[in-house]
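The values are calculated or read from the model by the stated rules, or taken from the named source; none is laboratory data. On a predicted model such as this, the values are computed, not experimentally measured, just so you know. Virtual Cβ from ideal backbone geometry, glycine too; neighbours counted across all protein chains shown. Accessible surface areas use protein heavy atoms only, side chains included; no ligands, DNA or RNA. Shrake-Rupley method; radii C 1.70, N 1.55, O 1.52, S 1.80 Å.
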Amino acid sequence: MGRRLLFLGPPGAGKGTQATRLAKALGIPHISTGDMLRQNVADGTDLGKQAEAIMHAGDLVPDDLVLAMVQDRLGKDDAACGYILDGFPRNVSQAESLSAMNQLAGIDQVLLLEVDTEELVQRLLSRAKDQGRADDNEESIRNRLDVYRDETSPLVDWYPTNGVSVASVQGSGSMDDVTARLVLALAT
Ligand code: ADP
């Protein structure tokens, strides 16, 4: 039985960076719905066309579109022995759908990356300067933080209620420090 991990945490917490590192170390795929959607936008697919404006505003892409994309990805051979999900599920309805597709909610352990709101905004604004991501403008950032608080953060309670443990890890400090904390959280 492989590991099925979920990264939870607000935008800017470093989920993408840390999930990439951990996936490499564990030899399982990193499945980021944000990356997959951005790829669809870049490729000009139907899904990308439907998602682009919604992502730009920092709102959630409709559940049915995201679910079809995730279902397809989880059906690939490399996901048979585990995966790290990043960006999905993003609300209780998505978590229920994943759970209906799988045993034990489709997740064995949740890793919650925690960072202060002030630091998050600073990180996201500086990422906007460095990488030019279309949704890293101040209005979208504030909206994504609100969406996280209202829609995604209830999953921090939903998972334990559904038999899946949540390990909280402090996401501030150097990237290596955070990775070390995550590895420790996995071992326990
Ligand atoms: P961040 O968490 O840093 O804001 P992500 O790369 O995870 O960025 O997601 C970027 C955008 O992609 C989200 O703001 C949302 O519009 C869309 N998105 C990603 N995952 C989902 C999902 N599971 N459900 C709905 N929309 C999603």
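Given the DSSP H assignment, sum -39500 (n - 2.57) over each helix run of at least 4 residues in the chain and divide by its residue total; what's the result at 222 nm in deg cm²/dmol, nearest 500?
So the calculated ellipticity at 222 nm is -16500 deg cm²/dmol.
Taking a probe of 1.4 angstrom, what is the accessible area of Glu151 in Å², to the nearest 10?
In the full protein context, Glu151 sits at about 80 Å².
Any idea of the accessible area per residue across the chain, 1.4 Å probe, to the nearest Å²?
Using a 1.4 Å probe on heavy atoms only, each residue of the chain averages 51 Å².
Sequence-distant or interchain residues sharing an amide H contact under 5 Å with Arg3, placed H: which?
Amide H neighbours of Arg3: Tyr83.
Picking from Leu22, Leu65, Leu37, which is most flexible by a Gaussian network model of the chain using Cα springs under 10 Å?
Leu65
With +1 on the Cβ of every Lys and Arg and -1 on the Cβ of every Asp and Glu, and nothing else charged, how large is the dipole of the chain about its Cα centre, in debye rounded to the nearest 20?
Its charge dipole is roughly 540 debye.
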